[in-house]
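First up is the structure itself, then whatever we jot down about it.
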Amino acid sequence: MLAGGDGASRTMAEPGFNGLTVASFESRMAPEMTRLIERHGGQPLVTPALREIPLEDNSSALRFGHMLLTEGVDVLILMTGVGTTTLFEILRTNSPWDRIAAALQRTTLVARGPKPVSALKAVGLHPTLTVPEPNTWLDLLSSLDAYRSIRGLRVAVQEYGQSNKELLTALRGREADVVPVPVYRWALPEDLAPMKRVIREIVTDRVQVLLITNAAQIDHVLQVVEAENETDRFKRSCRKLVVASIGPTASERLKAHGLPVDFEPSHGKMGILVREASMRAREILAHKAAG
């Protein structure tokens, strides 16, 4: 009994969601998100907003591979872990890995956070630069600027989801020869009915907390909302509930769509997002109701 007492006390000390309905559009880790919300006392409404699919035409990645092996690339910016792994898998289809690895070792490898670092280590490579938290494209630029000038250098950018036009423009503004390398993209789920059901719950004010774990999620949600002619109601409802964003990149996208950002966790991890949102949700709701 004594051994479990401290854990029970901590659980009681944390307010938790206490039965609040918590919506999430998490895709890759939807089951884990559902369990986390339940563990912290919430009623989960979790449905994917994204379907991750390989590009049917990998010509851009294959052209990059040819360039890497024949002409060389000065800097390779790796934006995501999945994108890094996918890029290497595509390159392997056309060339021996030892040649690819040797060329990458001659390249400045910039990892935007821990997931690309893990993807590099999985194939025996190490990043030249690792972008510190919160791993935004602005943090990436600051790290690169502090490392060296990229004027006149060939800088390849492994893209994911949507192209980051601001990053590409900023790199070109530094007079780099920028080579975008798209390796996968996001699509809407084939069956939109689950998304529409969650959106209906939001616009009818039956959701108290919305968790956003990926910037592309909100693009897809708004795309479906607009198709349903519910944009005004959706934004009005979001102003009443708690919108919790996993970090600055997702927050920027929310604000770009005119949506509020009520909370960011201390670290951009899904478990921390859910736990800390559960601790703050009722306080934020009370403040909104009083305002």
All-but-one check, H126 against (1) surrounded by 13 or more Cβ atoms within 10 Å (Cβ to Cβ); (2) farther than 22 Å from P54 by Cα; (3) in contact with a strand residue (DSSP E or B) (Cβ under 9 Å, 6 or more places away or on another chain), failing number (1)
Within segment 262-291, the count of residues that are in a loop (DSSP other than H, G, I, E, B) and buried (at least 17 other Cβ atoms within 10 Å of the Cβ) comes to 4
The strands (runs of 3 or more DSSP E) lying wholly within segment 140-195 that contain at least 1 residues that are among the hydroxyl-bearing types (S, T, Y) are 184-187
Within segment 129-143, residues being over 26 Å from E89 (Cβ atoms) and open to solvent by less than 30 Å² (accessible area, probe 1.4 Å) number 3
field: Yes/no for E230 being over 24 Å from G16 (Cβ atoms), open to solvent by less than 70 Å² (accessible area, probe 1.4 Å) and not basic (K, R)
entry: yes
Exactly one of V225, V209 is more than 18 Å from V261 (Cα to Cα) and not hydroxyl-bearing (S, T, Y), and that one is V225
The residue that is modelled with the highest pLDDT, considering only those in segment 1-41 that are of a type in the set (S, T, N, Q) and surrounded by fewer than 17 Cβ atoms within 10 Å (Cβ to Cβ), is N18
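The values are calculated or read from the model by the stated rules, or taken from the named source; none is laboratory data. Only a predicted model underlies this, so the values are computations on that prediction, with no experimental measurement involved. Cβ atoms come from the backbone with ideal geometry, glycine included; neighbour counts cover every protein chain shown. Ligands, DNA and RNA are excluded from the accessible area calculation, which covers all protein heavy atoms including side chains. Shrake-Rupley method; radii C 1.70, N 1.55, O 1.52, S 1.80 Å.
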